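Scroll down for the structure; my scribbles are underneath it.
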Amino acid sequence: MDKLFLGLDCSTQSLTGIIIDFNLNTVVCRNSINFDKELPHYNTQNGVVVLDNEKVIHSYPLMWVEALELLFEKMKDSEISFFEIKAISGSGQQHGTVYLNSEFVRNIEQLDVSKTLVSQLKNSFSRQTSPIWMDSSTTKQCDEVREKLGGLKSTIRLLGSNTIERFSGPQIRKFFQLQPELYEKTSIIHLVSSFMASIMLGKSALIDHGDGAGMNLMNIRTKKWDERALEATAPNLREKLPPLIESYGIIGKISSYFVEKYGFNPDTNLIAWSGDNPNSLIGVGLIEKGKVAISLGTSDTYFGYLQNLFLDYRGEGHVFGAPTGDYMSLICYKNGSLARERIKDKFNLSWEKFSEILNKTPHGNNGKLMLPYFFPETVPQVLEPKVCRFGFDENDIEGNIRGIIEAQFLSMRLHSEWIGEKPNEIYATGGASANRDILQVMANIFNTKVRKFEFTDSAALGAAFRAAKSYYDLINKEKTWDEIINKFIDFKKSILIKPNKEYIKLYDDMLDLYGKCESFILKNGEDPEIARLEFINKYF
Ligand code: XUL
């Protein structure tokens, strides 16, 4: 019976696995490993370690491997037989790079089932830690590469994005510049997604067009490694990078290690892994224009499906490959859930209490506005963290709670304008999308309906959908994306949150004001105080 598919998601804070059943049209098994809690010996905080200074943020690839073993140990105790799984795909936090030595491929090819993965892979790294998407330490390298590629516009035209601190290319360049001997000893550089795929495959896996586009190394039109970008980044880089493949490409059969150890079927197909955002695009069923998704996770992202290539020449937005073979647009905020948690924790609140206060506070926050850069931000670019408050201070509970939530959505509305037409519906996903009160603020600020699904694991679900799609194509029982999505995403069971029309004008004006605050702090623009007082007079 061709019915079970596994989707894995190696995210910043956890590794999640879900199995979907095509007969029952539902998720039949879900498990997750939280890195901080379940692998405390790595000493991570929110899945990461801060090295040298707060701009240098890494994680441990060996921790992800250990989490994989732990996850399968947990999942195999469920009633579902791994043997029935027909295909597997996965998702990884984007941009993070894993540096492997010449032992790696031999090690994964010859895994001994009587030993753990960790014990057999620990000598495979030329660098023990992986810089991840939260790292903001490569401004110098970004400038160097951009200049070599002919400046902002030509870089974006070539790669689909400006050179960005967290993207893999500038990170690779920094490693080459600071530790040239270790760079030299690196045989393969993987992304989080292709690294995890390699372990399950028992061979070095390919990088898909979705995640490949987040490296500042892939030509966004030809979807091939770009010679100029490779050369501008580091010497002999092409030899160290795996080839690229379509996101729906089959990369091989599962490694015998997993067959023997956990009872998978040796015929199980592995589909290329991709980044968490491309996976989420399909995981929320976004394959048409006019709708966008907002994922509220460790990072907050705003993304949409693009049938044709469309670029942001201001350099804040990105274009990646989509699982369908087309494109997707995205903007990413580093100040996502960790920034919301800063406020919640400062006042020692539960999420329920946080919501209660949010609901009590008036729309427009009595004219109190926040620029919430608790961490370096990418949209807009802010390299030194700073939190700016207009009309209140850090001890004002109500001001801070509504301040951060309104700031996050005002900023998204302001900075997503390049994507074009206003969306007619927003799909909400990610952990914090479970909070209906936050979604109501989102709906009001965008003046758009927000749809909240039962399921928040959109990246893992998207990976399982991708596994199913490629498998059915392979056995000539093609299913359309719509068929797959409609089987598992029950629009009738989703909740539709409507914008409150009463606040349309207020938030249009507040958007303007927010833009003025941003330009005052970041671009030496005019002091927004008079405009803020006018706003207060008008609405409060
Ligand atoms: C996207 C980005 C983050 C990571 C982590 O560009 O950096 O969303 O994928 O989730």
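The values are calculated or read from the model by the stated rules, or taken from the named source; none is laboratory data. The shown structure was predicted, so the numbers you read here are calculated from the model rather than taken from an experiment. Cβ placement follows ideal geometry from the backbone for every residue including glycine, while neighbour counts extend to all protein chains displayed. These accessible areas exclude ligands, DNA and RNA; they are computed on the full protein's heavy atoms, side chains included. Shrake-Rupley method; radii C 1.70, N 1.55, O 1.52, S 1.80 Å.
Here are a few things to note about the model shown:
- Protein heavy-atom accessible surface, 1.4 Å probe, per residue over region 292-387: 33 Å².
- Using the Karplus relation 6.51 cos²θ - 1.76 cosθ + 1.60 with θ = phi - 60°, the per-residue 3J(HN,Hα) values for region 470-477 come to 5, 5, 5, 4, 4, 8, 6, 10 Hz, with x marking Gly and Pro.
- Between region 107-177 and region 388-445, the Cα center-to-center distance that results, in Å: 31
- Diffusion coefficient (Stokes-Einstein, Kirkwood radius over C-alpha pairs, 4 °C, 1.567 mPa s) for region 415-483: 90 µm²/s, rounded to a whole number.
- Using the Cβ-Cβ distance between residue 533 and residue 447 with R0 = 25 Å, the FRET efficiency computed as 1/(1 + (r/R0)^6) comes to roughly 0.50.
- Note on residue 83 and residue 356: with the Förster distance fixed at 45 Å, the Cβ-Cβ geometry gives a FRET efficiency of about 0.40.
- Cβ crowding within 10 Å averaged over residues, with 194-200, 441-447, 34-40, 291-297 ranked highest first: 194-200, 291-297, 441-447, 34-40
- The length gained by stretching the chain between residue 347 and residue 147 to full extension, at 0.36 nm per residue less their Cα-Cα distance, is 67.5 nm.
- Computed over protein heavy atoms with a 1.4 Å probe, the accessible surface of region 443-490 works out to 37 Å² per residue.
- In this structure the amide hydrogen of residue 382, modeled in the peptide plane, comes within under 5 Å of the amide hydrogens of 377, none closer than 5 places in sequence on its chain.
- Additional length obtainable on full extension of the chain from residue 73 to residue 140, 0.36 nm per residue less Cα span: 19.8 nm
- With eigenvalues of the C-alpha gyration tensor scaled by 5 and rooted, the chain, Å: 37, 27, 22
- Projecting the alpha carbon convex hull of region 47-110 along each direction and taking the average yields 6.6 nm².
- Per-selection Kirkwood Rh - region 4-278 (Cα, Å, 1 d.p.): 18.9
- Region 19-41-region 253-329 distance, computed between alpha-carbon centres (Å): 18
- Most to least packed among 128-138, 23-33, 262-272 [average Cβ atoms within 10 Å]: 128-138, 262-272, 23-33
- Rolling a 1.4 Å probe over the heavy atoms of the protein chains gives region 4-278 an accessible area of 35 Å² per residue.
- If R0 is 45 Å, the Cβ-Cβ spacing of residue 116 and residue 483 corresponds to a FRET efficiency of close to 0.65.
- Modelled label positions at residue 393 and residue 267, each set 7 Å beyond Cα in the direction of Cβ, lie 7.1 nm from each other.
- Apportionment of accessible area to carbon and sulfur, the chain, percent (1.4 Å): 47
- Label-to-label distance for residue 498 and residue 34 is 3.7 nm, based on points extended 7 Å past Cα in the beta-carbon direction.
- Here the Karplus relation 6.51 cos²θ - 1.76 cosθ + 1.60, evaluated at θ = phi - 60°, turns the backbone of region 332-338 into coupling constants of 10, 10, 6, 8, x, 5, 5 Hz, with x for every Gly and Pro.
- Per-peptide average of other Cβ atoms within 10 Å, ordering 409-419, 220-230, 494-504, 512-522 highest first: 409-419, 512-522, 220-230, 494-504
- Length gained on full extension, residue 128 to residue 187, computed as 0.36 nm times the residue gap minus the Cα-Cα distance: 19.8 nm.
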